[in-house]
Each structure stands twice: as C-alpha cells, then as structure tokens.
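Here's the structure we're looking at; comments come further down.
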Amino acid sequence: MSKSSTVTVRETPVANVASARAGGFTIQGETFVVQTDQRIELVDLTSRIMDHVRRFDIREGLVSLWSMHTTCALFINEFQTALLSDIKRFLEQMVGRDAEWMHNNPEHSDCDRMNADSHLRALLLGHSVTLQISGGEVVLGQWQRVLLAELDGPRARTLRVQVMGV
Amino acid sequence: MSKSSTVTVRETPVANVASARAGGFTIQGETFVVQTDQRIELVDLTSRIMDHVRRFDIREGLVSLWSMHTTCALFINEFQTALLSDIKRFLEQMVGRDAEWMHNNPEHSDCDRMNADSHLRALLLGHSVTLQISGGEVVLGQWQRVLLAELDGPRARTLRVQVMGV
Amino acid sequence: MSKSSTVTVRETPVANVASARAGGFTIQGETFVVQTDQRIELVDLTSRIMDHVRRFDIREGLVSLWSMHTTCALFINEFQTALLSDIKRFLEQMVGRDAEWMHNNPEHSDCDRMNADSHLRALLLGHSVTLQISGGEVVLGQWQRVLLAELDGPRARTLRVQVMGV
C-alpha cells in the first residue's frame, strides 16, 4: 500500500494568461497569486474579482474561480471580523487537528506537513466558486463576499480565474 | 476592530432580466423571488427551474442558480418529508444556535439578527448550483431535486437564474 | 404526510451523447458509468476526465461533472490511501449510520435502503464539480484529483460529463 499521493500532470503547464474568441463569445483564463500569513486565514477576494471582470467586454456570462490547491478552499459568506472568528472556530471544532489521522502517521503517509485537518476542512468548504456576470459585473448579494480559506498556511496560493460570455 | 460587515456594491444594480446573444449562443439571467415561512425551511425549486429552462431555445448548455443571500443556501438532494426532517435536524446538530458565537455578541458585532448558526449552516451546503442542460431540459437524476435551504427566515429570498447555451 | 419522495421526470430521457455547435463554440454532453464495489468508496476519476477532454478541439472552456444520484458525491482532494481512510472515517464520524433518522423509519418513509446517512454525507461533499479547461486540458493543481464518493454502494453509478468552449 503506497504512502504517496497521485500526482496530476498535464501535457503542458497552464499558461499564466490564455484566451479564445468565437463570434461575439469571449473566454479568458488567468492565474492569480494570493500570499497568506497565517496557518488558518480567511481572505476577501471580492474586490479583486469584481475589478478583474470589469476589464472585459462581457455583458452576460460566468466567472469561474478555482483554487489550485487541496488545502486552500473558496466559498461565499459575509466578511465581518466576528463572523470570521466563528468560521475558523467552527472549522477547528468540526475537524480536530490532533486526532489520529492516518495522513499524519509516517507509517502510512509520506506527507510531512501533518495536515489531515486541512484536507478535511477543505472538503466542507469546496475548491471553487462559479459566479454569474450580468450587466458587465459580477452578480453578488449585498452581504456576499468571495472568500479564500487558507487552511495550511502561510503560503503563496495560486488561483485560476476564468471569465466567459458575450 | 470593526463590528460591521463589508458591503458589496456594483456600479449598477442587477437588472431583473438581462440577455445577450452571439451567433447561435444565448445567455439570459433573471431574478426569482421565493417567500419562506419558517426560520429553517427546505423549498423544492425543481419544477420552477425545469419550466424556466424549457422556455428557451437552448438544446445544450448550463443553468446557474445563485442565492443572493449569505443565510440562504442551494443544494441537491431527495425531497421526502422524512428526509427533510433529518436534514434540518442534522444542520441543527452540526451548528448549535446557542453556542457562544462572536457574531451574536453585541460587543463584537453590529448584527442584530443573532444568526451565526445560519451563516455556518450555509457554509456546509453552499450558495449555488450549476446544472447541465441537455436535449432542451435540465439534467437531473430520478431522485434529485434542486432545494433551497432557508436558514434564517421567514423572508423573501432573491435568486438569480442564468441559462446559457446553444 | 407522504412517505414517498418526489420523482423527477423529463419530457424525454437524457441521450447518452448530445452535442451542439454555434460558430466556433462547441458543447457536448456524455454519460459515464462507474461501477463501485463497497458501501463507501472513493474513486479517482481524474485520468478519465482528462482523457475525455483531450478528445475535443476545445482550447478554453469548462467541463461540468454531474452525479445523477443523491447518494453519490463528487469533490476535489488528494488521492492517497491514508487520506482516503481519513475521509471515510470523517464522514462516518460526522453522520452516524445508526442514529434515529426518520428516513430509516418505515412509519415515516417508504425507502427500504435505510440510507439517511448516505444522503447526509452527500450534503457535505456536493453532487457536482465544474472545472476549467485551458490550453486544451483540464486545469488542476499538482495534488488535486477529481473524486467520486460512493456513499451507498456497491452500485453502477451514472455521471454526466459536459464539455463546452472554444
């Protein structure tokens, strides 16, 4: 039984920027980097995503946001200091860092980050958000913010942002 | 440290209906309102979504369903009275309403809804569903229903439904 | 109060393969079957999805993966034997199989699978993944794998895979 994880290999790496057009339909993907400072940290990406979408001449469409990491999640919620504390505490309550996870046991795992908790917390939040664009802007409610959850930082995290539409 | 939440502001509000076309590609977004009656309630949106998609001449495509609220979630499951009770009980077990959440404490939060539980329960379910369209209809399994979870009602909830495709 | 679940009925069943084109924009949906061997099992679909996407002449786009079942989930994580054990144990801890769920009680439910746990565990993981395509290939991080969670097997499970783009 292997202690290692399967590696995902493309034939060619993802380009930092890539785009295609057909008729009036546009699609563009781009790499974003987010530097985090804490082991567990919630980062508000909303302004960055909204500004990015406004750069394109897309009235109606989608914007897909993808975390390139297993231990870095993306989700929607309100951005308030008190609530962010509650979210972090909730994740810590749901998944104990010091439980006897196999992934943290050198007899079973060659991962030296001891981060089973980070993997399991990311399961609960998910790794991507697919938002709508309407009237040239991202569709979000008044209190909705696009949040990144760093679950095993600090690290430089890579996201992929893809806009598509007419 | 601010007690307030960040507000999301577009340059112009989302129009109730907006559409664009390029060649044979169509995209249309529309606002739906759902009135809920209970604090926690599960509403079956499937027929409404299926009927909506049939109005368009889109054979193959996607339909994105987005909740405009942080405390109102969207997800897929079976619609059976017994199971809906189990889902509500499960959400209540996972996130205690009366735990000492910072978001419910006036020393740390200017939110007077005392709804930290609603925010945390929504985290587990998610705020959007992106479904496929094939053969002019939504792709769903025999027992799959598109459900809205009201987590802090009763309220009038706004959803955004976007269809796109050829 | 009905013991039965609402059935989802399309006007016509989903075709095994369906596609449409407009200008340089392509969209194609196809049915995949995955046979599982255990009641709870995690299956790595990554290579199958990556190979499928390479068959199309789509440089930039999306690939939507949809489980046609309520008790079979799709999510992203690392594929390592130790971590897969942790994920299964975590799901079992979060949702007890033998708790007194209404869905398992013949007085309230006509479901004879006694699988409330499967429904609730699927809630936590979700039923679909919407991935980006860039440079003709799926966008995934080095350790990210597309995983199917069988939560009430063994069974033959049907997925729908839709690629779209330019």
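Of A:GLY141, A:GLY96, which residue is farther than 21 Å from A:VAL34 by Cβ, within 10 Å of chain B (Cβ to nearest Cβ) and in a loop (DSSP other than H, G, I, E, B)?
A:GLY141
Please identify the pairs in which a residue from the range A:7-30 that is at the interface with another protein chain (Cβ under 7 Å from one of its Cβ atoms) and open to solvent by 40 Å² or more (accessible area, probe 1.4 Å) has its Cβ atom under 7 Å from the Cβ atom of a residue that is of a type in the set (Asp, Glu) and outside any loop (DSSP other than H, G, I, E, B), counting only partners at least 6 apart or on another chain.
A:GLU11/C:GLU137
Can you spot a residue in the range B:37-58 that is at pLDDT 95 or above, part of a loop (DSSP other than H, G, I, E, B), surrounded by 15 or more Cβ atoms within 10 Å (Cβ to Cβ) and at the interface with another protein chain (Cβ under 7 Å from one of its Cβ atoms)?
No, every residue in the range B:37-58 fails to be at pLDDT 95 or above, part of a loop (DSSP other than H, G, I, E, B), surrounded by 15 or more Cβ atoms within 10 Å (Cβ to Cβ) and at the interface with another protein chain (Cβ under 7 Å from one of its Cβ atoms).
Just give me the residues in the range A:99-120 being more than 18 Å from C:TRP143 (Cα to Cα) and crowded, with 16+ Cβ neighbours inside 10 Å, in sequence order.
The answer is A:TRP101, and nothing else.
Can you tell me which residue within the range B:149-166, out of those that are more than 17 Å from B:SER134 (Cβ to Cβ) and outside any strand (DSSP E or B), is farthest from the other protein chains (Cβ to nearest Cβ)?
B:PRO154
Of all residues being among the small types (Gly, Ala, Ser) and in contact (Cβ under 8 Å) with a residue 24 or more places away in the chain in the range C:58-109, which is nearest to A:GLU30 (Cα to Cα)? Just the residue, please.
C:GLY61
Consider C:VAL33 carefully, then state whether it is within 13 Å of chain A (Cβ to nearest Cβ), closer than 30 Å to A:SER2 by Cα and modelled with pLDDT of 95 or more.
no
When you scan the range B:68-83, do you find a residue that is crowded, with 24+ Cβ neighbours inside 10 Å and of a type in the set (Ser, Thr, Tyr), even just one?
Yes, the range B:68-83 has at least one match.
Within the range C:1-43, which residues are of a type in the set (A, V, I, L, M, F, W, C) and farther than 30 Å from C:LEU83 by Cα?
C:MET1, C:VAL7, C:VAL9, C:VAL14, C:ALA15, C:VAL17, C:ALA18, C:ALA20, C:ALA22, C:PHE25, C:ILE27 - these are the residues of the range C:1-43 that are of a type in the set (A, V, I, L, M, F, W, C) and farther than 30 Å from C:LEU83 by Cα.
Of everything in the range A:124-138, what is more than 7 Å from chain B (Cβ to nearest Cβ) and of a type in the set (Gly, Ala, Ser)? Give them in sequence order.
Once the filter is applied, which keeps residues that are more than 7 Å from chain B (Cβ to nearest Cβ) and of a type in the set (Gly, Ala, Ser), the range A:124-138 yields A:SER128, A:GLY136.
The values are calculated or read from the model by the stated rules, or taken from the named source; none is laboratory data. All figures in this text were calculated on a predicted structure; none of them were measured in a lab. Don't worry about glycine lacking a Cβ; one is built from the backbone with ideal geometry, like all the others, and counts go over all protein chains shown. Ligands, DNA and RNA are stripped out before the accessible areas are found, and what is left, the full protein with its side chains, is counted by its heavy atoms. Shrake-Rupley method; radii C 1.70, N 1.55, O 1.52, S 1.80 Å.
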